[in-house]
Structures are given as C-alpha cells and as structure tokens.
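First comes the structure, then the notes that go with it.
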Amino acid sequence: MFDLSIFRRTLLLLSLLVAPLTALGADGGTLHGTVTDPLGAVIVSATVELLDGTSVAQATKTDAAGDYSFQVQKSARYQVRAVAPTFQATTSNAVFLAASGKAQVDITLATQTLTEQVTVTATGTPTPEAQVGVPVSVLTADQYRYATEVQDPLRQIPGAQVTQTGQVGGTTGLSIRGGNINANKVLVDGVPADDIGGAVEFANLDAVGIDKIEVLREPNSALYGSDALAGVVSLTTTRGSTLLPLLTYSGDGGNFNSFRQVGTLSGTFRHFDYYSAYARTDTRNNLPNDAFHNGTYAGNFGWTPNTANDLRFTVRRLAVAADQPNAILLYGIPDAASVKEQDTYYSAAWNNQTTEKWHNQIRYGGLRLNYNFTDFAATGIYDPDLDVYLGAPVNVQGANGYRVNGQAIFQYGTSYGSTYPNNYLAPSKRDFVYAQTDYRVNAHIVALGAFKYEDERGSTVSSGGTPTSIERGNYSYTVQLAGDIKNRLYYTIGSGLEDNGLFGFAATPRASVAYYLFRPTNSGWLSGTKLNFSFGKGIKEPSIYYQSISLFDILGALPNGSDLIKQYGVSPIGPETSRTYDGGVDQQFWNGRARATLTYFHNEFTNGVEFVPQSALLALGLPAASNPAVEFGAAVNSQAFRAQGFETALEYKIGSHLFARGGYTYLDAVVQRSFSSSSQPSYNPNFPTIQIGAFSPLVGARPFRRAPHSGYFGLTYNRSKWYGSFTGTLVGRRDDSDFLTDSEFGNTLLLPNRNLDGAYQRLELGGGYQVTRSLTAYTDMQNLLSEHYSEAFGFPALPFTVRAGIKVSFGGESWRLK
C-alpha cells in the first residue's frame, strides 16, 4: 500500500520551508518583471502593456535593466504584453492580482521570424529552447489543430518513429533514436503514464485538451527516474483563460463509419480557472472485427489564492474498446479478440514562489491502468489431428522480394492448455509524491533539488492461471545546477540517485552545454550559430511479467536453488541501462527567417531484459536450465544494442502566413548481444543459407521495425479566417519477422528479416475556415495516395480516410459585455 508517512513527511518538510514566508508583497500593489531576449539578455525600451481582459489598462517602457513596473488599482486577473523592434509581441499567462499584492511576471521575447518555445522537460524549470543544449522539440496545439491522437504530431519530430500494428486502435509504440518502444518516460501533467516496465499505449492517447507536447530525445533519468531510457514525452493539459465561460462543440464524420464529437467548457473567475473537455471517437476501420471506441475526459482546475501560490488539479480518464483482428495479411482470417482499457491519470500540484528567487513545488499524482485482453473464441481452420487452428492459405511476400506460401498455425487447442474465452488481465497502480525546490542564486545560476517517492502495485493473470503480483517502493533524488556565462554559454549538470524497490541503487548523471559562436539577429544572411553537446545515462525497471519469470527467482525457489545460483553465477534481474551522447550545430539563415540543425547521436542500450527459451539457456552452457522449473524459459538481462546516426531539421518562414518545416534521420542500429536468438538462429528450408531471427533480431542485425532512413515535412498556411496544413511522414524499409509457424510446426513460412517491411509515404491534408465568429468548418484527410502499406509486417494501415465537420463556440472574450 501507499506509504502515507512518506507523504506526510514531505508535506511537513515543504511546509517548514515556506511557513515563515508570506505571499509576495502583502503590503504592495505592484506588478513588475524583466523583459529579455531568448538568450536571457535584457531588452531596453521595450513597450510593456498591462491587460485587464481585452483592454489595455496601463503602458510603460523597460528601463536600462530591462525592468518594468505597474501600480495595480483593483483586484483582477491581468496579463502583460511586451513588444520591441525585431521581436515578436509576447503575452504572458493571466495572473490574479489583488490590489494589495505584488507579482513578478518576466517575459522572454522571441524573434519576429521563428518562434522560440519554453521547455520545462529539459531542465525542470521553465527555460527557452535557445538556452538548452539538449535535443528537445516543443509542439503547441496550433500545430496539430485537427489531430485526434497524440501519435499524429509525434510523427513530425526528428529522430522519432511511430509504429502502429494495424489501423485506428491498433497497438502503437514510439521509438526515439532507435530505442525500444518501452524506453520512454511519458508524462501527463507530470504523472507518469507508463505501465510498470515502461510500456505506453499511444493508440489510446487522444489529443483532446492537449495544449503542448514536449519531446526530449535523450535519457533523462536524472530528473524523471526509471523508464526515461531513450527519451521523455510530456503532455500538458489546456488551462481556461477567458473571463467569460467559453463553451465549444465540434462534430465530424468520415468514411469507415467514423464519428467524433468534442465538447469543452473553460474560463476564469477571480482566483479560479477551469477547463473541462470530453471527446468520443468511433470507427469501424476497413477490416472485419476491427471496430474502435475511445471516450476521453480531460480536466484542469486551478486556484491562485495570491500571486505567490498556485494550487492545481488535473485529471484525464479514458475508456477504450478496440477489436484486435491480428495480422490478417499473414493468417487471412481475423481474430475474434478485443482489448478494453480504463485508465486514469490525476495529480494535485502546489507551486509556491517563496521569494522572487526561490520556488518550491509539491505534487501528488496517481495512475490507474486496467488492461483486459479477451480472445472470445478459437478462430481459423481446425485440424483435429494436431489440435490447432490454421489460418487460410496465404501468399506472403516481403519488401525484400522473398515469398512464401502456406497455412500458419493461428491458435492452439485445449491439449496445449488453451481455453476460450481466454482473458488476460493486467491492472496496475502508481501513487507518488514529488517535492522540488529551485533557487536562482543570481541572474546566471539556478540550483535545483528534488525528492520523489513512488509506490507501484500491479499484477498479471490469464484464464486458469495463477495471478502474479508485485509491489515496489521507489525513492529518487535529484541535484542539478544550470546557468549561463555572459548569455553566451549555457550549461546544465546534474544527477539522479534512484533507489528502486526491485534492483536497488543506480546513479544517472547528465550534462549539457550550448555555446553561441554568433548571437541570433534579424539581419544578415548568416547569424545565430549555436554549438551544443549533451551526455546522459538512463535506467528502466523490468516489467511485472519479466520479474515473474526471472531466472534468478525461478532457481531461487528450488530446494537447491542457492547452490545453483552460486555455481553458475546467475544474477538477479536488474535494470536496463542506456548511455547517450550527442553534439551538433543550430544555424539561422536569411535574416532569421530560416533555421537548420544537424545533430550526431550515439546511444548504447545495455542489460536489456529478454525472454530466453530453455534450449538457448542450455546452448549457452547453463546446465541448471535443464531443471523442469525452467521448462518454458526465463527472463535474463542479456540484450545490448547500439543506435547511432544523425538528425537534420529545417524551419523556414516563407512569408508572414506560410511556414515550412522538415527533417531527416539516419539511424545505424545494430544488436550487439542477445541470448534469445544468437545461440539458435532459425532457417527456412527454402532459403537454407539465410539465418533468420524468428522471434527477435540476430546479433549483428538491426533491431526490428526501426528504419535506417526516415523523414517528415510540413507546410502550414494561416491567414485571417483560413487555416491549412500539408504534412508527410516518409519511412524507409525496416527489418522485421513474420513470426510464423507452419502447419507442420516448421519454418517454411519464415521470411528473412532484412528489409522485410516496405517503405511508405503517409501524406495528410487538413484545413479550416471560420465562417462566423462562432462557427468554423474543417476537414482532415490522411493517406492521400491511398497507399497500401504496413508499419508492422502483416498489419495493413488504413487507405485514404477523410473527416469533415464543424466547430461551434459560445461565450469567451468575444462575447464580453462592454
């Protein structure tokens, strides 16, 4: 159970820190701050306006130190807008300020041509992208207006590759720079969305209410602990911002019986802001037994009693039902299976600006995942002699030109222990408390310290099986120092100390540096040359399943287990680890209208946990594996692979209304060690000289489903009442397996792994027109070429799809009474 004593001690610690201090300026009536450029240099004589709703209440200029100040006459929710020559006008978030209070609102202006976003994921404190030396991308809601799923905008991130097994609702994973799909920390308003062991189902993450997406393309276990092995994805929920309540409704429909409805209600009232949204998506897809339903609720509720404190509660709840027809191109018959999932992410966070230099945060969060897979009935062509169900006769050809014919074993009968309906349940829970303190030592140095306690509980059970349950109590500690030297060299150095309930202690250091050879300007063909370098280590905890079949634990349960463990040097299952370093250059062109980046990365993923069959354990020289307790194999930390390459990205503001972006990634990934396949490669008698990894890649080969060549592009147009976008995802051929066993329990249906998956081009077109101030019509089209492709071998993607609908808005600032 969750240790409440840890929560109470953390609350007491933070209370002792802030109790002697009152809210900022209890006897004032001032709103003040500093205006800086993206590199942190102060901007003199910038025009600063105090906004009361849609009206300009006051205006002033920044002084020689870049500071401004307003005297507040009444209690209200205010915003600050700043503008200066050669910079974009920037408006702050709203802050409620009492007439007797004080508040500090600092503003970072972006260049007129290219927007500089603020990232929290990279450093733990709000930092402009221009000041970080790590590869991070920030997408705002305007860049994915009509997306239904979070996975869609993730396809427009350099170094990121999304793989979906099938159509809408099919299992979807994200690989960052060649890492495994379970090697990413995914946060929803600061709450880890990962199942125990790092798995995240991106097919279930609806885009409703997601205001910002940050993707960090390197390990950051220093800040986020276990599972941040390859990268971090952070999703932030929208906040209410209008003085009057804003109610919106959108509804659209498309082919394949697809329908989507979204309703939102948001606004502010004195100290409070609120946002509430619900979206429902239904589709039949274009395969038999492939319907999908997703109902998602998102809420964000804030209370700001004074300018020093902010209390915020967020919640996201999803209910998904998805049919699972399986790899229909390989079996020719759809499976009668489905997945149901009900997940909840919630958090309560208190932020306290104790002094103008000292900030504290405490957050409690929880995650409830309820996964239920059901195979309702045996499907296929029954063979009574073998007691198996075969697929239909198929002709299967890979992108590598190899072809096979026959019938594969689809499902097994009762003599193999299979029963129908067959249920697999995997519920898991996570509760955590996180405390952070960060202090600005001076204008150039910020120190950060954090503590986190996490309680994880989970289980897995199949029909007729014995439940496997685990509970882990994890402690994490973070220390970090970040700053700059003369607004030219920016650095971050820190380390995490992880004490995991399963594998014990691990340290995860990280460091980054960015240096400007030339400061960015809006004049000159070439300017703003930034060099950057970063290094980091990551860790990932094993899943419940792998912990339950650990070779160490299996042998340890035997009467002579301790002797066997000692004799053959068997180690407990431990953390998966990673090490990465990267370096590159960020260059601006054409008076700041274009920006190009080139980054080299080198990742090592080590101690990966994999399932090793008994035959492979024996072939590796482990006589203890002949014990009947290991009849079906065991889990061992035995995999390692390297992933290196380079990323390029280009952004170009063609005109005031037209913006283009694109990128290309070259990935050279190779498996260096694997006990699962390297000891016993498989052979198809039709290709007797070709070694095949039937269930995992061979040593020296590429990891499955990771393309050596991938890219993306996007073109957006935004003017007056019109909006349009044209985007594309381009993915080259990938290694894979068809995982097939023929009707004689042989390998005649196995295809060679190399380049088994074909290349594909996924093109999308969307747009909208604001008919009136309250009515907008929009459309979204995917797979414009209606290309027949599979992101995972045997699972066909959707052909051309189209949605069209309307959005209606009521209230908000445009309806404010005069």
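Computed quantities for the displayed model
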{"item": "Distant-in-sequence amide H partners of V186 (H built 1.01 Å from N, under 5 Å)", "result": "A193, D194, V233"}
{"item": "Estimated FRET transfer efficiency when R0 is 35 angstrom, pair H444-Y475 (beta carbons, to 0.05)", "result": "0.65"}
{"item": "Within the chain, helix-based [θ] at 222 nm, where runs of 4 or more DSSP H residues each add -39,500 (n - 2.57), nearest 500", "result": "-1500 deg cm²/dmol"}
{"item": "Most positive-pole-ward Cα, T379, Y364, P467, against dipole of the chain from beta carbon charges", "result": "Y364"}
{"item": "Shape call, segment 370-449: gyration tensor on alpha carbons, a/c limit 1.5", "result": "oblate"}
{"item": "Distance between modelled label sites at Q567 and F739, nm, 7 Å Cα→Cβ extension", "result": "3.6"}
{"item": "Per residue accessible area in Å² of segment 329-397, where ligands, DNA and RNA are left out and the probe is 1.4 Å", "result": "41"}
{"item": "Inter-centroid distance (Cα atoms) of segment 687-743 relative to segment 769-795, Å", "result": "20"}
{"item": "Average accessible surface area per residue within segment 138-234, 1.4 Å rolling probe, Å²", "result": "17"}
{"item": "Segment 130-260, accessible surface, carbon-and-sulfur percent (1.4 angstrom probe)", "result": "53"}
{"item": "Inter-probe distance in nm under a simple model that places probes 7 Å from Cα toward Cβ, at A348 and L425", "result": "2.9"}
{"item": "J(HN,Hα) series, segment 532-542, from Karplus relation 6.51 cos²θ - 1.76 cosθ + 1.60, nearest Hz, glycine and proline x", "result": "9, 8, 8, 9, x, 10, x, 9, 9, 7, x"}
{"item": "Length added when fully stretched, S415-F695, from 0.36 nm per residue minus Cα-Cα", "result": "98.4 nm"}
{"item": "Rounded percent of accessible protein surface that carbon and sulfur make up, segment 392-549, 1.4 Å probe", "result": "59"}
{"item": "Contact order relative to length of the chain, as percent, for alpha carbon pairs under 8 angstrom and 6 or more apart", "result": "11"}
{"item": "Gain in span if fully extended, Q761 to R642, counting 0.36 nm per residue against the direct Cα distance", "result": "40.2 nm"}
{"item": "Spin-label pair D142/L598, simplified geometry with 7 Å Cα→Cβ offset, distance in nm", "result": "3.1"}
{"item": "Solution diffusion estimate, µm²/s, Stokes-Einstein, segment 444-523, Kirkwood Rh from C-alpha pairs, 10 °C, viscosity 1.306 mPa s", "result": "98"}
{"item": "Cα shape, segment 179-293, gyration tensor, a/c 1.5 rule", "result": "oblate"}
{"item": "Stretch gain in nm, segment S786-S774, where the contour uses 0.36 nm per residue and the Cα spacing is subtracted", "result": "0.9 nm"}
{"item": "Helix axis angle, 4-18 relative to the chain longest principal axis, alpha carbon, degrees", "result": "20"}
{"item": "Which label in (i) 47, 30, 26; (ii) 53, 34, 27; (iii) 50, 45, 29 gives the computed semi-axes √(5λ) of the Cα gyration tensor in Å", "result": "(i)"}
{"item": "FRET efficiency estimate (nearest 0.05) - Cβ-Cβ, N686 to I654, R0 45 angstrom", "result": "0.25"}
{"item": "³J(HN,Hα), Karplus 6.51/-1.76/1.60, whole Hz, each residue of segment 246-261, x for Gly, Pro", "result": "10, 10, 10, 9, 9, x, 8, x, x, 5, 6, 6, 9, 9, 8, 10"}
{"item": "HN-Hα J in Hz across segment 375-388 - Karplus 6.51, -1.76, 1.60, θ = phi - 60°, x for Gly and Pro", "result": "9, 6, 7, 5, 10, x, 9, 6, 10, x, 5, 9, 6, 9"}
{"item": "Accessible surface, per residue, of segment 447-542 when the full set of protein chains is kept, probe 1.4 Å, Å²", "result": "42"}
{"item": "Efficiency of FRET from Cβ geometry, F800 and A99, R₀ 51 Å, rounded to 0.05", "result": "0.30"}
{"item": "Under-5 Å amide H pairs with A759, H placed in peptide plane, nonlocal only", "result": "R733"}
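The values are calculated or read from the model by the stated rules, or taken from the named source; none is laboratory data. Just so you know, these numbers come straight off a predicted model, no measurement behind them. Quick reminder, even Gly has a Cβ in these numbers, built from the backbone with ideal geometry, and neighbours come from all protein chains shown. Side chains included, ligands, DNA and RNA excluded: accessible areas come from the protein's heavy atoms. Shrake-Rupley method; radii C 1.70, N 1.55, O 1.52, S 1.80 Å.
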